[in-house]
Amino acid sequence: MVGGSSDAELCHRVQQFLFLEAELLDDRRFDEWLDLFEPDGEYWVPMAWNQPDPLQHISLIYENLDVLKMRMQRLKELAALSQRPFSRTCHHVSNVMVRASDAGSVSARSALIVVEYRRNEQRTFAGYSRHTLSRDGDKFRIRTKRVDLLNCDADIGHIRISIPF
């Protein structure tokens, strides 16, 4: 968006929301992260670059809020073998750009780097996030979150990451 101070203020508020989302994931505050989503919210990580939709193509991850809740519950318990020991992550969000907005929603794109450390192995994932946020005054909620990993089509074990990007 290009424009005056209200556009700059909106961009700042969206940035703060995305930074909060990253903090919640890094701090393993999964219930609070889930509370950021609309009841019909979706989280999508495509398997192909420029994948047009999650329904006609295979995705690395495509989950609604109910499935996300199940996954987050498993991540909180030691029952998840993929989290013995728990992963430590650092989500770095930058280059936040508000692409469109109206009274009820905001679309934003950001650059994302996620570093995961577990069992003496550190892995780095990079890509772009696209959020569609519902907005009610100064409050935002996630309708959709799409994460396009730069190497989404590489055979490098993306499935092994349990913490959302």
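Across segment 1-28, which residue is modelled with the highest pLDDT among those that are within 18 Å of R109 (Cβ to Cβ) and part of a loop (DSSP other than H, G, I, E, B)?
Once the filter is applied, the top-ranked residue is G3.
In this structure, is F37 at pLDDT below 95 and of a type in the set (F, W, Y)?
So F37 fails the test.
Of the numbered conditions (1) more than 13 Å from P164 (Cα to Cα); (2) modelled with pLDDT of 95 or more; (3) not small (G, A, S), Q56 satisfies every one except a single condition; which is it?
Single failed check for Q56: (2).
Condition check: surrounded by 15 or more Cβ atoms within 10 Å (Cβ to Cβ), out of contact with any helix residue (DSSP H, G or I) (no Cβ under 7 Å at 6 or more places or on another chain) and β-branched (V, I, T). Does V115 satisfy that?
Yes; evaluated as a whole, the condition is true for this residue.
Looking at (1) over 16 Å from the mean Cα position of the chain (by Cα); (2) of a type in the set (A, V, I, L, M, F, W, C); (3) at pLDDT 90 or above; (4) under 22 Å from F17 (Cα atoms), find the lone condition where A103 falls short.
(3)
Among the listed residues W49, W33, identify the single one that is crowded, with 17+ Cβ neighbours inside 10 Å and not in a strand (DSSP E or B).
One residue alone meets the criteria, W33.
Can you pull out the residues in segment 35-69 that are over 24 Å from L150 (Cα atoms) and without any contact (Cβ under 8 Å) to a residue 40 or more places away in the chain?
Passing the criteria: D35, P39, L65, D66, V67, K69.
From the list R123, R160, which one is modelled with pLDDT under 95, of a type in the set (K, R), surrounded by fewer than 14 Cβ atoms within 10 Å (Cβ to Cβ) and over 22 Å from D40 (Cβ atoms)?
Just one listed residue meets the conditions, R160.
For segment 52-79, what are the residues that are farther than 15 Å from I142 by Cβ and in a strand (DSSP E or B)?
Passing the criteria: S59, L60.
Among the strands (runs of 3 or more DSSP E) lying completely within segment 90-165, list those that include at least 2 residues that are more than 19 Å from L75 (Cα to Cα), among the hydrophobic types (A, V, I, L, M, F, W, C) and out of contact with any Gly (no Cβ under 7 Å at 6 or more places or on another chain).
The qualifying strands (runs of 3 or more DSSP E) are 105-118, 121-136.
Could you please give the count of residues in segment 72-99 that are over 14 Å from the mean Cα position of the chain (by Cα) and either modelled with pLDDT of 90 or more or surrounded by 17 or more Cβ atoms within 10 Å (Cβ to Cβ) (or both)?
Residues in segment 72-99 being over 14 Å from the mean Cα position of the chain (by Cα) and either modelled with pLDDT of 90 or more or surrounded by 17 or more Cβ atoms within 10 Å (Cβ to Cβ) (or both): 8 in total.
Would it be correct to say that S6 is surrounded by fewer than 13 Cβ atoms within 10 Å (Cβ to Cβ), in contact with a Leu (Cβ under 9 Å, 6 or more places away or on another chain) and of a type in the set (G, A, S)?
For S6, the condition - surrounded by fewer than 13 Cβ atoms within 10 Å (Cβ to Cβ), in contact with a Leu (Cβ under 9 Å, 6 or more places away or on another chain) and of a type in the set (G, A, S) - is not met.
The values are calculated or read from the model by the stated rules, or taken from the named source; none is laboratory data. This one's a predicted model, so the numbers in the text were calculated from it and none came from an experiment. Backbone-built Cβ (ideal geometry, glycine too); neighbour counts: all protein chains shown.
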